[in-house]
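All remarks here apply to the structure that follows.
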Amino acid sequence: MAARFIVEADGGSRGNPGPAGYGAVVRDGDTGQIIAEAAEFIGHATNNVAEYKGLIAGLKTARELDPDASVDVRMDSKLVVEQMSGRWKIKHPDMQPLAAEARAVFPRGRVEYTWIPRERNKDADRLANEAMDAGKAGRQWEPRACAPAPEEPPLETAAPKAGWAAPADLGTPTTFVLLRHGETPLTPEKRFSGSGGSDPELSDKGRWQAERAAEALAARGSVQAVVASPMRRTRQTAETVAARLGLEVRYEDGLREVDFGAWEGLTFAEVRERHPEDLTAWLGSAKAKPTGGGESFTTLTHRAGVARDKILARYAGKTVLVVSHVSPIKTLVRLALGAPPDSMYRMELSAASICAVQYYADGNASLRLLNDTSHLR
């Protein structure tokens, strides 16, 4: 059955026009729980442009969760609601292409628009302001570990975080068992191997590692679903484990590795020799891209966060094996910890290693395991 979502969106401009940003949340249509967030600083723009961009981002986020869903859009912008409902004409040339883009996200008839007062759109408004604050600080907004956590009470009466609370306090968590793929011929040579390169298959050792991981996970007996990056090495690893568990593999493009651009197939030393300035910038900023049009870690954070939220929505309360790559797994771990982007350079993830993260209903996440390779000994 197709999902039903509520999208709340907003946008703002400090100066109108001025520094602008948008925010959007996607809620479960039955429970009202936030299952995904989106926000972005968009530079110099008007309030109306930012509001439309927030709407588009919310609709696209909902589509990524379920392309067959029906959506109830709720906004405090009377202009956007009336124009998108077809009751007001769109005369401004800046609004016309944005409205057309919004209409194209879902087929006609699957989206309804409702005006709500500003006080009922606080989450989207908060995200828009977070995006503008991030832009003022010279960075982009980044998603949190999951849905926004409630404010903490004073320290002396603070409730325990998910890692300390008994499972019964927060209900059954959704568990991600994060498995990095087995070795390829490029792995022992420590060469950049992303989604823009040769898409290598597993080596003989990599296939052996996948078999060992399958044995270990079968022995645990808790995995209820398998989701994987569509790249060859992750497909081969996931299919080996899934066959042992008697499960089907579902593929999620958001779990693929970063595109390393012109660095694909090179060692770190070779990149440092050929592209020293680009490498320094990349190591110093999550927004920097590898040479030749590669992908930044900021972009990865967004798509990995969307992939995470899609899996959480589909498999709530279950244990899911997520087969992916170094960078996406580190990103999911980093987001679970609320750690800064440069923390990714302080994690070691071996081929066919296992991590585990649990996500709770209150929006908290708990890292349970990191870089376990005991099944390979």
- Between W208 and L369, what is the FRET efficiency for a Förster distance of 22 Å, r being their Cβ-Cβ separation, to the nearest 0.05? 0.55
- Task: Go through K205/K318; K190/K287; K190/K318 and tell me which ones have a Cα-Cα distance over 26 Å in this structure.
- Result: K205/K318; K190/K318
- For D123, the net charge from surrounding residues (Cβ-Cβ under 11 Å; K, R +1; D, E -1) works out to 0
- Nearest-20 debye value, the range 4-136 charge dipole, Cβ charges on Lys, Arg, Asp, Glu: 500
- At what distance in nm do the modelled label points of H44 and S85 sit from each other, each positioned 7 Å from its Cα along Cα→Cβ? 3.5
- Query: In whole Å, how far is the Cα centre of the range 95-117 from that of the range 174-232?
  - Reply: 40
- In the Gaussian network model of the chain, springs joining C-alpha atoms below 10 Å, which of N121, N364, N16 carries the largest mean-square fluctuation? N16
- Residues I34, I116, sorted so that the one with the fewest Cβ neighbours within 10 Å comes first: I116, I34
- Message: Output the 0 to 90 degree angle, nearest 10, between the alpha-carbon long axis of helix 122-136 and the longest principal axis computed from the alpha carbons of the chain.
- Response: 70
- Note on the structure: Length gained if L337 through L247 is fully extended, taking 0.36 nm per residue and subtracting the Cα-Cα distance, is 29.4 nm
- Query: Quick one: Cα convex hull volume of the range 86-143, Å³ per residue?
  - Reply: 152
- Item | Three-way shape label, the range 231-377, alpha-carbon gyration tensor, a/c 1.5 | prolate
- So, with points 7 Å from each Cα along the Cβ direction, the D199-D94 label distance in nm works out to 4.1
- Query: Under a 5 Å amide H to amide H cut-off, with H placed in plane at 1.01 Å, what residues pair with Y251 once short-range neighbours are removed?
  - Reply: A228
- Listed pairs K53/K91; K53/K122; K122/K289 exceeding 24 Å between Cα atoms: K122/K289
- Task: Among G196, G86, G58, determine the one that fluctuates most according to a GNM of the chain built with springs between C-alpha atoms less than 10 Å apart.
- Result: G86
- Note on the structure: If R0 = 35 Å, then D30 and K122, at their Cβ-Cβ distance, give a FRET efficiency to the nearest 0.05 of 0.95
- Message: With a cut-off of 8 Å between alpha carbons and a minimum separation of six or more residues, what is the relative contact order of the range 179-238 in percent?
- Response: 44
- Item | Angle between the chain longest axis and helix 95-105 axis [Cα atoms, degrees, rounded to 10] | 50
- Item | Over the range 4-136, relative contact order from alpha-carbon pairs under 8 Å, at least 6 apart, % | 34
- Matching label, semi-axes √(5λ) of the Cα gyration tensor in Å computed from the structure shown, candidates [x] 52, 33, 16; [y] 36, 25, 20; [z] 35, 27, 17: [y]
- Would you calculate, for the chain, the mean residue ellipticity at 222 nm contributed by helices, counting each DSSP H stretch of 4 or more residues as -39,500 (n - 2.57) and dividing by all residues, to the nearest 500? -11000 deg cm²/dmol
- Message: With angles folded into 0 to 90 degrees, how steeply does helix 297-314 sit against the dominant principal axis of the chain? Use alpha carbons for both and round to 10.
- Response: 90
- Candidate aspartates and glutamates for bridging to K310, where Cα separation is under 12 Å - those fewer than 8 sequence places away on the same chain excluded: D28, E37, E64, D66, E252, D253
- Message: Per-residue counts of other Cβ atoms within 10 Å, averaged by peptide: what ranking do you get for 328-334, 366-372, highest first?
- Response: 328-334, 366-372
- Message: Apply the a/c threshold of 1.5 to the C-alpha gyration tensor of the range 4-136 and tell me whether it is rounded, prolate or oblate.
- Response: oblate
- Task: Please tell me the relative contact order of the chain in percent, rounded to the nearest whole number, where contacts are Cα pairs under 8 Å and at least six residues apart.
- Result: 18
- Once label points are set 7 Å from the Cα along Cα→Cβ at both R220 and F268, what is their separation, rounded to one decimal in nm? 2.8
- Task: Count the DSSP beta bridges whose two residues both fall in the chain, then state the antiparallel fraction as a percent rounded to the nearest 5.
- Result: 55
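Read-outs throughout are calculated quantities, based only on the coordinates presented, and are distinct from any laboratory measurement. Small disclaimer: the values here were computed from a predicted structure and weren't measured. Neighbour counts are summed over all protein chains in view; Cβ atoms, including those assigned to glycine, are modelled from backbone coordinates with ideal geometry.
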